[in-house]
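To start, the structure under review is shown below, and the notes come after it.
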Amino acid sequence: MKKVILFIPCLLFSTLGAQENQEISSEKMNIIKTNVTAYAFRNINLSYERAINQWFSVNIGFGTMPEGKVPFINAFLKDKDEKRFENLRVKATNFTIEPRFYIGKGYGKGFYFAPYYRYSDVSSNTFDFYYDYNGPNGVTYQIPLKGQGNTSGNSGGLMVGVQFFLTRSQNLVLDFWIAGAHYGSGKGDFAMTSDYVLTPDMQSQLKKEIENLDIPFVKYTVETNANGAKIKVDGPWAGFRSGLSLGYRF
């Protein structure tokens, strides 16, 4: 009889454990997605989400932007400054790791909040730049330079979103990034060189021209010499995230 009494709870625990494992195994724990709205900005991207349990998952994403014009450059540069960067082209890559905490049904479905880490790298082509030097004789000279450089940033942030299963089989996924923002630090170096030997007065005016560009979200310092200028990026690095991703769940 004692053996029977001991056997019954063991049987119950094993049955419950088997049911729990069956429920978990019946869930599709993997999702591959791409942010379709990012393609408007030449951002080719792919992410993989793995559900750890009902309320927690990890999403890892990679994106690359092939060389091309700076998106929305006219939003932070005046028209006259934009013309001076007419043939500037940039390329970029980013890597994001994003733990997700789901509220509601879970297993990748419903509202979530996601703290995340992002690494970004941006580099430019060899581009033309010029500035107008006001000479001591009252004559203005256009001084041409060649620029090139790269910068990278590490940042952390928080995103809020909601994910839906669009089909009865729950294979097709829509991930709506409602809003996200990240902040960190960036470092980089850009160089501008001239075929002209710049006098101290030319260097002083060049320094002011570059500093007055007033590029948002980026802190940089400028040093000039007889050959041109060196721009050092060392300061805040910020960004925003929003979009729609489509994916496949398996």
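Go through Ile103, Pro144, Leu174 and say which Cα lies farthest out towards the positive end of the charge dipole of the chain; charges sit on Cβ, +1 for Lys and Arg, -1 for Asp and Glu.
Ile103
With Rg/Rh (Cα atoms, Kirkwood Rh) in mind, check [x] 0.94; [y] 1.23; [z] 1.09 and report the label derived from this structure.
[y]
Among the GluC sites (Glu not before Pro) in the range 37-117, which ones are in a DSSP loop with at most 15 other Cβ atoms within 10 Å of the Cβ? Mind listing them?
Glu86
If amide H atoms are built 1.01 Å from N in the plane of the peptide, which residues on other chains or at least 5 residues away come under 5 Å of the amide H of Tyr130?
The answer is Leu145.
Give me the percent of the accessible area of the chain that comes from carbon and sulfur atoms, probe 1.4 Å, all protein chains in place.
About 63 percent, which is the carbon plus sulfur part of the accessible surface.
Can you sort Val233, Val70, Val160 by solvent-accessible area, 1.4 Å probe, largest first?
From most accessible down to least: Val160, Val70, Val233.
Among Lys33/Lys232; Lys69/Lys146; Lys69/Lys109; Lys28/Lys91; Lys109/Lys187, which pairs are too far apart, with a Cα-Cα distance over 27 Å?
Where the Cα-Cα span goes over 27 Å, the pairs concerned are Lys33/Lys232; Lys69/Lys109; Lys28/Lys91; Lys109/Lys187.
How much net charge surrounds Leu198 when only the other residues with a Cβ under 15 Å from the Cβ of Leu198 are counted, with Lys and Arg +1 and Asp and Glu -1?
So the surrounding residues net to -1.
Evaluate the distance, in nm, between pseudo-label points positioned 7 Å from the Cα of Lys232 and of Gln170 along their respective Cα→Cβ axes.
5.5 nm
Where only protein heavy atoms count, and the probe is 1.4 Å, what is the accessible area per residue for the range 198-250 in Å²?
Accessible area per residue, the range 198-250: 57 Å².
Which far-off residues, 5 or more places away or on another chain, put their amide H under 5 Å from the one on Leu166, with H placed in the peptide plane?
Sorted by chain and number, the residues that satisfy this are Leu172, Val173, Leu174.
Can you give the charge dipole size of the chain about its Cα centre, rounded to the nearest 20 debye, using +1 on the beta carbon of Lys and Arg and -1 on the beta carbon of Asp and Glu?
Dipole of the chain, to the nearest 20 debye: 1140 debye.
For the range 159-171, just list the computed ³J(HN,Hα) in residue order, Karplus coefficients 6.51, -1.76 and 1.60, θ = phi - 60°, integers in Hz, with x standing in for Gly and Pro.
Using θ = phi - 60°, the values come out as 10, 10, x, 9, 10, 10, 9, 8, 10, 4, 6, 6, 8 Hz.
Which of the chymotrypsin sites (Phe, Trp or Tyr not before Pro) across the range 46-144 are loop residues per DSSP, with 13 or fewer other Cβ within 10 Å?
Here the chymotrypsin sites (Phe, Trp or Tyr not before Pro) that fit, given the DSSP loop and packing criteria, are Phe72.
Once phi is turned into θ = phi - 60°, what whole-Hz ³J(HN,Hα) does the Karplus curve with 6.51, -1.76 and 1.60 give for every residue of the range 125-137, x standing for Gly and Pro?
Couplings: 7, 8, 10, 8, 9, 9, 9, 8, 8, 8, x, x, 8 Hz.
Only Cα pairs within less than 10 Å get springs; with that Gaussian network setup on the chain, which residue of Ile215, Ile97, Ile31 has the largest fluctuation?
Highest fluctuation of the listed residues: Ile215.
The values are calculated or read from the model by the stated rules, or taken from the named source; none is laboratory data. Keep in mind the model is a prediction, meaning the values are calculated, not measured. Heads up, the Cβs are rebuilt from the backbone with ideal geometry, glycines too, and the neighbour counts pull from every protein chain shown. Each accessible area value is taken on the protein alone, full model and side chains, heavy atoms only, with ligands, DNA and RNA left out. Shrake-Rupley method; radii C 1.70, N 1.55, O 1.52, S 1.80 Å.
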